[in-house]
1. Name the single residue that is farthest from residue 95 (Cα to Cα) among those in region 1-19 being in contact (Cβ under 8 Å) with a residue 40 or more places away in the chain and under 15 Å from the mean Cα position of the chain (by Cα).
2. Residues to consider are 106, 83; find the one that is among the acidic types (Asp, Glu) and under 20 Å from residue 33 (Cα atoms).
3. Which one is nearest to residue 117 (Cα to Cα), of the residues in region 20-65 that are part of a helix (DSSP H, G or I) and β-branched (Val, Ile, Thr)?
4. For region 77-110, how many residues meet the condition of being among the hydroxyl-bearing types (Ser, Thr, Tyr), surrounded by fewer than 17 Cβ atoms within 10 Å (Cβ to Cβ) and either assigned to a helix (DSSP H, G or I) or in contact with a Phe, Trp or Tyr (Cβ under 8 Å, 6 or more places away or on another chain) (or both)?
5. List pairs: first residue in region 81-99 and farther than 18 Å from residue 110 by Cα, second residue surrounded by 10 or more Cβ atoms within 10 Å (Cβ to Cβ) and among the aromatic types (Phe, Trp, Tyr) anywhere in the structure, Cβ distance under 7 angstrom, at least six positions apart or on different chains.
6. Any residue in region 33-41 that is among the aliphatic types (A, V, I, L, M), surrounded by 11 or more Cβ atoms within 10 Å (Cβ to Cβ) and within 28 Å of residue 3 (Cα to Cα)?
Amino acid sequence: MRRSRLKLFILLLVVIALGLLSRSGYASVMPEFIQLYSGDTLWALALYILFAFVSPEVGAKELLLVSLLVAFGIEFSQLYQADWINSLRSTKLGGLVLGFGFKWSDFICYTVGILLGFIVDFQKRKFIN
């Protein structure tokens, strides 16, 4: 069953907005746990939605696997500190996409965010279509 690209695009914009909000000064009103982990969780959810947008006919299980591999790969890439990639990370977009420092806790956030996308996609396909 093919997903609606329009609905995915709108959902992606909402998730990105929430992710940026979680990293802004407004996040200080949220509980510390939410401040610490919501951005990475929403980043991973956005990644899942982005892959669903790019390939709306791909199954949810495949999107789950690809999203986890890419998210974990990007996290491991933060162990690599060459000048060229650090110059990319120093830009706003590069920092948002590639991150800055390796943290084991990010793997949990990524898994939760991607699983959230997978569960909604797999169980509630009528919502996304």
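1. Only one residue tops the list, namely 8.
2. Details: 83 fails: under 20 Å from residue 33 (Cα atoms).
On inspection, the qualifying residue turns out to be 106.
3. So the first thing to find is which residues in region 20-65 are part of a helix (DSSP H, G or I), and the list is 20-22, 25-29, 32-54, 60-65.
From what's left, β-branched (Val, Ile, Thr): 29, 34, 41, 49, 54.
Values: 29: 26, 34: 18, 41: 10, 49: 7, 54: 15 Å.
So, considering only residues that are part of a helix (DSSP H, G or I) and β-branched (Val, Ile, Thr), the one nearest to residue 117 (Cα to Cα) is 49.
4. Adding up the residues that qualify gives 3.
5. Taking only residues 6 or more apart or on different chains, the pairs are 89/100.
6. no
Since every read-out is calculated from the coordinates, none of them should be taken as a lab result. Remember, it's a predicted structure, so these values are computed and weren't measured experimentally. When we count neighbours, we look across all protein chains shown, and the Cβ atoms used for this are built from the backbone with ideal geometry, even at glycine.
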